[in-house]
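Following: one structure in structure tokens, then a few remarks.
The values are calculated or read from the model by the stated rules, or taken from the named source; none is laboratory data. Keep in mind the model is a prediction, meaning the values are calculated, not measured. When we count neighbours, we look across all protein chains shown, and the Cβ atoms used for this are built from the backbone with ideal geometry, even at glycine.
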Amino acid sequence: MQHTELEALLHDMSLNEKIGQLFQISGQLLAEDSAAMGPMQDMGVTREDISLAGTVLGVYGAEKIKKIQKEYMEHHPHHIPLIFMLDVINGYRTVYPIPLAQGASFRPELSGACAKMAAREAAAAGLHVTFSPMTDLVRDARWGRVMESTGEDVWLNGRFAEAMTRGYQGDDLAGDETLAACVKHFAGYGAPDGGRDYNTVQLTERTFREYYLPAYQAAVDAGAALVMTSFNTVNDIPATVNKTLMRDILRGEMGFDGVLISDFGAIGETVAHGLSSDRADAARRALEAGVDIDMMSGVYPEKLEHLIREGSVKEELLDEAVLRILELKNKLGLFENPFKGADAEKENRVILCGENRALAQEAAERSFVLLKNDGDFLPLKRQETVAFIGPYADRKQMLGGWSFLGDPADTVTVKEAAETLAAGWNFTFAKGCPVLDPETRLVGFGKDSQESYTEQEREAMWKEACETARQADKVVLLLGEHYLQTGEATSRGVLELPEVQQKLLKEITSINPKTAVVLFNGRPLDLRLVRDNACAILEAWMPGTEGGPALIRTLTGACEPTGRLPMSFPYCVGQVPVHYDEFPTGRPYSGAEDTNRFLSKYLDIPNKPLYPFGYGLGYTTFSVSEVRLDREEMTREGTITASVTVKNTCSRTGTDVIQLYLHDVAASVVRPVKQLKGYQRVTLEPGEEKEVSFEIREEMLRFYTADGSWDSEPGSFEVMIGESSETENKKVFVLKK
Ligand code: GLC
């Protein structure tokens, strides 16, 4: 439709029709009997509200969606099509690694390809919008939603945000294989006090703008069609009713002109925040802030009609929101083809097809991070007898907490993969123990963590594991979090593995010290016990449907782990939030050799994380030469080329990720000790060496200066190039006036 036709449609709609477009209902409300029970009743929503709703959350399946769409449009006074939305976070049915694991790949382009694959499956199933990418900057592993982010680095998150957005949306939102992207959660949701989900966020204006906004901006610049509000406050005003944030910053400064949707129930929750005096006040404030769609709080359908008829809310605000929603439907091509890509035959053909599984496996392989490998423990050797022990040795649920449609039954477990990919190897398997301690019970999204084993069964499991370990040359322990321990509303005050798994680790390593640990988790954990007892540690995150084959290929050396940590693993929970790009402070502490008491340090733990951002080993070793600069001064218009020579010092071909960090030595505000500004992956044959060069440009030196402008300042800068954020391989250059 032309824009003028949309405006004509808008003006022909009744007030209730217009208000209906702003209401998102969940699929359960579409059930015949939903009028009488559950959220409908709680929300005070009528059947008429449902019949006029503009969008739907959580319905999927080509035939079902086509049926609903057809019936809805027939009954709708202007036959306006619905938009169907769902959280397709790390895959639709073919599940690839959680976003934090994708961040570890340092391959945004791979995440883009995965997003495109997910869109192809979801669009065939009739969906139009995904609530992804989540681009919240995260620095606190206590917050369970770190698993949905790509990590602690501002610049890297922006690269992933734009790649995912483009992957979902492709070149044509009306296409049969694309999804509209919804970047979330705007804004600053990843920094709750105490790492406790939904808690208050306290950020200075500068920190907010320099660290928390850029990744959202990258997604907006990549064309994200929607933005989702966050549950938290920004400057002590809930984001969802924060007019300055949404109209002045998001729409004004950042140039977002798409649809703004609230998070689940978030408009209504502004009453609980103590901001809105009641639901009517919440409705008014949200509309004035420019929130177009009310996701499941029911406040808009319940309150807007009266507010507009009594004149306390301008109908122009409603019209503006309706027009943005109609424009989104138009961009999706729904007026011409309300069924878009919904196609049951195609749905069956593309979902879990070999090509998609292969991509999911590649994404998993690229996400693994080797944290320790004493004595080249890994890769395993064919002649070794290896016992795979632990709750993840043969576990289907490796999909993470946001894979709504992922079916664990589709997953290839580590044991199943070994039987096909390593048939000639001497592998044995034993579970050893459940994931969780007996007294721990977690529920979420209709699932329950209860693994009901009798005491006898637990003992038998344990004994079998111990005997299996005793008989083997080496052990691979497969441990981790329960998937209900990570994701939304899963904040943890203790970052260790479940007690029962810690006991298994100690018992097994006391029986057979030649033990490696593979970890399945959705957040950085306190790995001191693992580090002290294991010869090797491989971080596997929640690797998805093809996690098993990816792991067997990696453990047997068919492929090399090349991931690098996207988020620091703290020494212990007392360190968090911990991140590499901290400020120096006036009393910097360089480490244990610095015995001065009055420094910025702890009495009982180190300042450095156990494993830092950017860190990861491979199956080979490399040397990196000193940094070389082609000049020592640059002007604003100039550039400097910084280079190192990288050499494979091992007898096996390998890959390294060479990282470029910059530090503004003195500026009008304090600057981080270093910031990632680029990286290059190099694959070298044994003995081969290669020059790796980075071009440094003035715009890489910009920040929010003391007067609030986004600019660089003349002075000295340190260039650091190395294999992780802990590199001190540096040279200095000067930016001249
Ligand atoms: C949840 C999450 C959000 C998600 C939405 C719809 O509460 O905060 O990330 O997209 O509801 O499921």
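Summary of values
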{"item": "Verdict on LEU110 being in contact (Cβ under 8 Å) with a residue 60 or more places away in the chain, touching a Phe, Trp or Tyr at 6+ places or on another chain (Cβ under 8 Å) and closer than 30 Å to GLN659 by Cα", "result": "no"}
{"item": "Which numbered condition TYR60 fails, given (1) within 16 Å of the ligand (Cβ to nearest atom); (2) surrounded by 24 or more Cβ atoms within 10 Å (Cβ to Cβ); (3) among the hydroxyl-bearing types (Ser, Thr, Tyr)", "result": "(2)"}
{"item": "Total residues in segment 133-157, condition within 16 Å of the ligand (Cβ to nearest atom) and aromatic (Phe, Trp, Tyr)", "result": "1"}
{"item": "Test: LEU684 is surrounded by 19 or more Cβ atoms within 10 Å (Cβ to Cβ), touching a residue at least 12 places away in the same chain (Cβ under 8 Å) and in contact with a helix residue (DSSP H, G or I) (Cβ under 6 Å, 6 or more places away or on another chain)", "result": "no"}
{"item": "Residue in segment 678-700 that is within 26 Å of PRO108 (Cβ to Cβ), in a loop (DSSP other than H, G, I, E, B), under 27 Å from the mean Cα position of the chain (by Cα) and modelled with pLDDT of 95 or more present", "result": "no"}
{"item": "All positions within segment 274-317 that are small (Gly, Ala, Ser), at positive phi and assigned by TED's automatic domain parsing to the domain that holds VAL45", "result": "GLY290, GLY298, GLY311"}
{"item": "Residue pairs meeting the criteria (Cβ under 6 Å; at least 6 apart or on separate chains; first more than 29 Å from ASP294 (Cβ to Cβ) and hydroxyl-bearing (Ser, Thr, Tyr), in segment 83-106; second modelled with pLDDT under 95 and more than 16 Å from the ligand (Cβ to nearest atom))", "result": "none"}
{"item": "Per-region count, segment 605-655, residues more than 14 Å from MET720 (Cα to Cα), assigned to a loop (DSSP other than H, G, I, E, B) and within 32 Å of the chain's Cα centre (by Cα)", "result": "15"}
{"item": "Residues that are within 16 Å of the ligand (Cβ to nearest atom) and assigned to a loop (DSSP other than H, G, I, E, B), drawn from segment 115-132", "result": "LEU127, HIS128, PHE131, SER132"}
{"item": "Any hit, segment 334-345, residues being under 30 Å from GLY480 (Cα atoms) and in contact with a Pro (Cβ under 7 Å, 6 or more places away or on another chain)", "result": "no"}
{"item": "Filter pass, LEU629 being aliphatic (A, V, I, L, M) and buried (at least 21 other Cβ atoms within 10 Å of the Cβ)", "result": "no"}
{"item": "Selection within segment 544-558 - of a type in the set (A, V, I, L, M, F, W, C) and buried (at least 21 other Cβ atoms within 10 Å of the Cβ)", "result": "ALA550, LEU551, ILE552, LEU555"}
{"item": "Subset of segment 235-248 [away from the ligand (no atom under 16 Å from the Cβ) and not acidic (Asp, Glu)]", "result": "ASN235, ILE237, VAL241, ASN242, LYS243, THR244, LEU245, MET246, ARG247"}
{"item": "Count of segment 202-219 residues which are under 15 Å from ASP248 (Cα atoms) and either without any contact (Cβ under 8 Å) to a residue 24 or more places away in the chain or among the charged types (D, E, K, R) (or both)", "result": "2"}
{"item": "Boolean, ALA218 is modelled with pLDDT of 95 or more, farther than 24 Å from GLY103 by Cα and of a type in the set (Gly, Ala, Ser)", "result": "no"}
{"item": "Residues of segment 72-106 that turn out to be assigned to a loop (DSSP other than H, G, I, E, B), of a type outside the set (A, V, I, L, M) and away from the ligand (no atom under 16 Å from the Cβ), as a count", "result": "10"}
{"item": "Qualifying residue in segment 570-593 (condition: of a type in the set (S, T, N, Q) and within 30 Å of LEU359 (Cβ to Cβ))", "result": "no"}
{"item": "Count - residues of segment 300-316 that are surrounded by fewer than 17 Cβ atoms within 10 Å (Cβ to Cβ) and of a type outside the set (Asp, Glu)", "result": "5"}
{"item": "Among the candidates LYS381, LYS396, LYS415, residue that is among the basic types (Lys, Arg) and in contact with a Phe, Trp or Tyr (Cβ under 8 Å, 6 or more places away or on another chain)", "result": "LYS415"}
{"item": "Residue list for segment 158-185, filter: closer than 22 Å to ARG523 by Cα and either assigned to a loop (DSSP other than H, G, I, E, B) or within 16 Å of the ligand (Cβ to nearest atom) (or both)", "result": "ALA161, MET164, VAL183, LYS184, HIS185"}
{"item": "Residues of segment 370-389 satisfying the condition of being touching a helix residue (DSSP H, G or I) at 6+ places or on another chain (Cβ under 7 Å), in a loop (DSSP other than H, G, I, E, B) and closer than 21 Å to LEU497 by Cβ", "result": "LEU378"}
{"item": "Some residue of segment 137-148 being small (Gly, Ala, Ser), in contact with a helix residue (DSSP H, G or I) (Cβ under 6 Å, 6 or more places away or on another chain) and within 21 Å of ASN199 (Cα to Cα)", "result": "no"}
{"item": "Test set (1) in contact with a Phe, Trp or Tyr (Cβ under 8 Å, 6 or more places away or on another chain); (2) within 16 Å of the ligand (Cβ to nearest atom) - GLU507 fails condition number", "result": "(2)"}
{"item": "Subset tally (residues that are surrounded by fewer than 19 Cβ atoms within 10 Å (Cβ to Cβ) and in a loop (DSSP other than H, G, I, E, B)) for segment 573-587", "result": "7"}
{"item": "Strands (runs of 3 or more DSSP E) fully within segment 426-543 counting 1 or more residues that are of a type in the set (S, T, N, Q)", "result": "426-430, 515-520"}
{"item": "Of all residues in segment 257-272 being of a type in the set (A, V, I, L, M) and surrounded by fewer than 23 Cβ atoms within 10 Å (Cβ to Cβ), the one that is nearest to the ligand (Cβ to nearest atom)", "result": "ALA272"}
{"item": "Condition check for VAL291: buried (at least 21 other Cβ atoms within 10 Å of the Cβ) and within 16 Å of THR270 (Cα to Cα)", "result": "yes"}
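Yes/no matrix, rows are residues, columns are (1) in contact with a strand residue (DSSP E or B) (Cβ under 6 Å, 6 or more places away or on another chain); (2) at pLDDT 95 or above; (3) assigned by TED's automatic domain parsing to the domain that holds GLU327:
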{"position": "MET147", "(1), (2), (3)": "no, yes, no"}
{"position": "GLN169", "(1), (2), (3)": "yes, yes, no"}
{"position": "ALA180", "(1), (2), (3)": "yes, yes, no"}
{"position": "ALA191", "(1), (2), (3)": "yes, yes, no"}
{"position": "GLU210", "(1), (2), (3)": "yes, yes, no"}
{"position": "ILE237", "(1), (2), (3)": "no, yes, no"}
{"position": "ASP248", "(1), (2), (3)": "no, yes, yes"}
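Residues checked against (1) crowded, with 24+ Cβ neighbours inside 10 Å; (2) of a type in the set (A, V, I, L, M, F, W, C):
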residue: TYR453; (1), (2): no, no
residue: ALA465; (1), (2): yes, yes
residue: LYS506; (1), (2): no, no
residue: VAL518; (1), (2): yes, yes
residue: LEU529; (1), (2): no, yes
residue: MET542; (1), (2): yes, yes
residue: GLU560; (1), (2): no, no
